Amino acid sequence: MKKRNPLTARNFPSAKEEAKKPVIPPRFDGDISAYRLAFVDDDFLLREELRPVRMQLELLKPELMQQEQGIKSTLVIFGSARIPSRDGAEQALAVAEKAGDAAAMARARTQLAMSHYYEEARRFANIVTRASLEREQPIYVVTGGGPGIMEAGNRGAFEAGGRSIGLNIVLPHEQAPNPYITPELCFRFHYFALRKMHFLMRSVALVAFPGGFGTLDELFEALTLIQTGKCRRRPVLMFGREFWTRLINFEVLVETGMISPGDENLFHFVETAEEAWALLENEYDLNPGPADAAEAP
């Protein structure tokens, strides 16, 4: 009996199939050849004029992959790459004390004190992930993918048995992804702007731990977008009132008219993972379990 063709067979070969076709004939190979398919020609794709295309691809790749995996809600954890875990800080202090290096001991003691934030980020991500495991639409922790507070966020989710996202960035001194990111959700960016776009696209809350220029950049860009109505208002939680109020005098911004009265209410200071989770529970309906999608009567 004659084999019938499927009704929905492709009418044209796919790009993947075309890319696998025989190699370029020798006469038309080489650096100056125009014979390569445009979408497999690295020299062409990396031209200066193709920047808009590369930006589009960098927006599309994480977007499509997260859509395919059903990721709709994320919780963003910002913070310094330089804040170690408590164990790491204690080890560094022990090494400094053994060497008798006073300056190194002072730095290590400061790092040990700051490691408190690593542990809170880890606990908070753990709480969020555990609470999400039985929900029909979980909330996924997303970080910048590197060490420090970023590692703590992914680690907390990993230890809770959940998945989490890392949005890494190409830097002059390469930032390796931390080992706690779910591999299929570990993305690498060239453009800071598109990385920050992906931080915000699915976020239901932004959580800022102490950090430097990068953390401040991400925090204030998000606050500006919320302040100006360019994105929807959502909880912005800042861990460590003492750190943030020493770093930034928000009252001066209001007193001098640099921000409007009430703009200082766009964020909340929190000290513990439990306090942060309580604020999110107050903002969203996060209590239902498996019947998450069912409407209350």
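The values are calculated or read from the model by the stated rules, or taken from the named source; none is laboratory data. On a predicted model such as this, the values are computed, not experimentally measured, just so you know. So basically every Cβ, Gly included, is an ideal-geometry build from the backbone, and we count neighbours across all protein chains shown. In case anyone asks, the SASA skips ligands and DNA or RNA and just uses the protein heavy atoms, side chains included. Shrake-Rupley method; radii C 1.70, N 1.55, O 1.52, S 1.80 Å.
List of remarks:
- Rounded to the nearest 20 debye, the dipole magnitude of the stretch 53-95 is 100 debye, with +1 charges on Lys and Arg beta carbons, -1 on Asp and Glu beta carbons, and the Cα centre as origin.
- Principal semi-axes in Å for the stretch 100-217 [√(5λ), Cα gyration tensor, largest first]: 25, 19, 13
- Cα-based Rg / Dmax (Å) for the stretch 187-292: 15.1, 50
- Cross-link pairs Lys21/Lys61; Lys72/Lys196; Lys16/Lys196; Lys61/Lys196 - those with Cα-Cα distance over 20 Å: Lys21/Lys61; Lys16/Lys196
- More than 15 angstrom apart: percent of Cα pairs within the stretch 89-152: 62
- In the full protein context, the chain carries 61 Å² of accessible surface per residue, based on a 1.4 Å probe and ignoring ligands, DNA and RNA.
- Rg(Cα)/(2.2 N^0.38 Å) for the chain, N = residue count: 1.25
- Charge dipole of the stretch 1-152 (Cα centre as origin; +1 on each Lys and Arg Cβ, -1 on each Asp and Glu Cβ, all else neutral): 740 debye, rounded to the nearest 20.
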